[in-house]
Amino acid sequence: MNAFRLALTGTGHWRLSAASLTAALGLLAAACAPAAAPPATSAPAAAKPAAAPTTAPAGAAPTTAPAAKPAASGASGAVSVAMVGNPQMKTLEQLKGDFESSHPGITLNLLVLPENQIRDKVTTDISTNAGQFDLVTIGMYEVPLWAKNKWIDEVGTTLQQDANYDFNDLIPSIRAGLESDGKLYAAPFYGESSALMYRKDMFQKAGLEMPDKPTWDQVAGFAQKLHSPPNQFGICLRGLPGWGEQLAPLDTVINTYGGRWFDESWKAQLDSPESAAAINFYVNTLKTAGEPGSTQAGFTECETLMVQGKVGMWYDATSGADLVFDPKQNPSAANMGMAYAPTKEKPYSGWLWAWAFAMESNSKNKPAAYEFIKWATSKDYVNLVAQKSGWGAVPSGARKSTYDQAGYKDYAKGFAAVTLDSIQNADPAHPTVKPVPYTGVQFVQIPEFQDLGTRVSQEFAAAIAGQQSADDAIKKANDYANQVAKQGGYQK
């Protein structure tokens, strides 16, 4: 096996090399690969961009921050936390002093990096037992796999023992997605599904009307009518390669078309008529009515184009609404609308994901780390963020009580109902029309999927860029999937 190699990037962060990531994923696959289908749990999604949080409330926020509560446990010492660099985490980083002042004796060491970089760093740390971090942000893809390998601790028992935490306030579907064998292994910070955001003024000007639950055929028609380059583009869809980038929305299209990654015998089905139709649809929509340079566009780039008024529609994570509906960050916020994730054969097609704090099993300071988890994922923290940074900065999608707050209801009236309903109705155990042997809406919950998904997405990106036909990309992708199923022992 190749030795792990780290290289210092131009931004001064340590970044895992491609060879190192391959080695880390090899360890992960070898340690976690099951001999049969993995147990049913839940699914991920895409990250929010590393943008600055809001600086003023958009709706009524608490007039004073919640009273600081000293650490009752007597915990002390340093806590090392690795976090994905999304806006919600950037806000948390700014509130580091609030935690330390209310928990004297505990010091936070926060590492905040973009999603791909933090995934590399955390995967290497956990798979080699390096013990660099006490807490890491992971999601529904990793939790069951890492829990099975005893790389992370069960945290639900400790959280339930704290009466102030209100464990039952966690949204059930989000909580279930972070469990293994009925036990919680990561505390949700924020959760999301997927939905279609659009510009109501552009629709009105074009004489179009968006239904609450559009079909993909309707969306394609809207995109063609709204497409007027070089200043306006019909729709933004992720084309950037990556299992958590391009494949997240594309997999939901495959699912609702009746396609699937594998059949019950683990034979690849990306070349089935249903899957092939969905992939061709996605590729052709991007080529004829999508954003320019789409193979370089992920969540962040699409969100930016929407805020800039360059696209009529954007299908992506519901967490994106927190920015595009915020008048402090989007001058056209009043013109924003949101509909359910488009469908074809399945009534709900949205994904399910949460960024959550997991405790590494070899954490050096678990008592203090638990104090941080309780603080960062509490109801009091939601109110603290609302008071200091505005409702657009709160970590939504994790707690039911957030959606009962008068201030949040007012701020999020254009998207909260769709978001919560989509989160509650996402079905990672039954993601597509036909039966599947795996769990996950926008991923296949096997260790090998990180590498498989990235390879497949690179082929689809080449088709989007016109470097090969969609059918050629599908054939290669299907061959990759069959190879993984055979080598992993899933396909008999």
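The values are calculated or read from the model by the stated rules, or taken from the named source; none is laboratory data. Quantities reported herein were computed from a predicted structural model and do not represent experimental measurements. Counting neighbours? That spans all protein chains shown, and the Cβs are built from the backbone with ideal geometry, glycine included.
Can you list residue pairs whose Cβ atoms sit under 8 Å apart, with the first residue in region 154-178 being under 22 Å from Ala429 (Cβ atoms) and in contact (Cβ under 8 Å) with a residue 40 or more places away in the chain and the second being outside any strand (DSSP E or B) and aromatic (Phe, Trp, Tyr)? Count only pairs 6 or more apart in sequence or on different chains.
Pairs that qualify, where the first residue is under 22 Å from Ala429 (Cβ atoms) and in contact (Cβ under 8 Å) with a residue 40 or more places away in the chain and the partner is outside any strand (DSSP E or B) and aromatic (Phe, Trp, Tyr), are Leu178/Tyr185.
Modelled with pLDDT of 95 or more, in a helix (DSSP H, G or I) and not hydrophobic (A, V, I, L, M, F, W, C), is that true of Pro188?
Criteria not met by Pro188.
Mind checking which residues of region 383-404 are under 13 Å from Asp169 (Cα atoms) and among the aliphatic types (A, V, I, L, M)?
Within region 383-404, Ala398 is the sole residue that qualifies.
Can you pull out every residue in region 258-285 that is within 14 Å of Glu345 (Cα to Cα) and within 22 Å of the chain's Cα centre (by Cα)? Break it down stepwise before answering.
Of region 258-285, the ones within 14 Å of Glu345 (Cα to Cα) are 258-260, 273-275, 277-278.
Within region 258-285, Gly259, Arg260, Ala278 meet the criteria.
If you take the residues of region 269-296 that are hydrophobic (A, V, I, L, M, F, W, C) and surrounded by fewer than 23 Cβ atoms within 10 Å (Cβ to Cβ), which of them is nearest to Pro327 (Cα to Cα)?
Phe281
Condition (residue is among the charged types (D, E, K, R), within 27 Å of Glu93 (Cβ to Cβ) and within 24 Å of the chain's Cα centre (by Cα)) applied to region 420-427: is it met by at least one residue?
no
Would region 234-247 turn up any residue that is surrounded by fewer than 24 Cβ atoms within 10 Å (Cβ to Cβ) and in contact with a strand residue (DSSP E or B) (Cβ under 7 Å, 6 or more places away or on another chain)?
no
Which one of these is among the small types (Gly, Ala, Ser), surrounded by fewer than 18 Cβ atoms within 10 Å (Cβ to Cβ) and touching a Ser or Thr at 6+ places or on another chain (Cβ under 7 Å): Ala78, Ala147?
The match here is Ala78.
Can you find a residue that is closer than 22 Å to Gly139 by Cα, in contact with a Phe, Trp or Tyr (Cβ under 6 Å, 6 or more places away or on another chain) and at pLDDT 95 or above anywhere in region 251-264?
Within region 251-264 (the criterion being closer than 22 Å to Gly139 by Cα, in contact with a Phe, Trp or Tyr (Cβ under 6 Å, 6 or more places away or on another chain) and at pLDDT 95 or above), the answer is yes, since at least one residue qualifies.
Taking only region 176-217 into account, find how many residues are of a type in the set (S, T, N, Q) and crowded, with 17+ Cβ neighbours inside 10 Å.
3
Within region 248-329, considering only helices (runs of 4 or more DSSP H) that don't extend past its boundaries, which have at least 1 residues that are touching a residue at least 12 places away in the same chain (Cβ under 8 Å), touching a Gly at 6+ places or on another chain (Cβ under 9 Å) and closer than 23 Å to Gly466 by Cα?
Passing ranges, in order: 273-289, 299-307.
Where residues in region 392-401 are farther than 17 Å from Asn86 by Cβ and either assigned to a helix (DSSP H, G or I) or not assigned by TED's automatic domain parsing to the domain that holds Ala186 (or both), which of them is farthest from the chain's Cα centre (by Cα)?
Here the answer is Ser401.
Out of everything in region 330-361 that is in a loop (DSSP other than H, G, I, E, B), in contact (Cβ under 8 Å) with a residue 60 or more places away in the chain and among the polar types (S, T, N, Q), what residue ends up being farthest from Lys148 (Cα to Cα)?
Top of the filtered list is Ser332.
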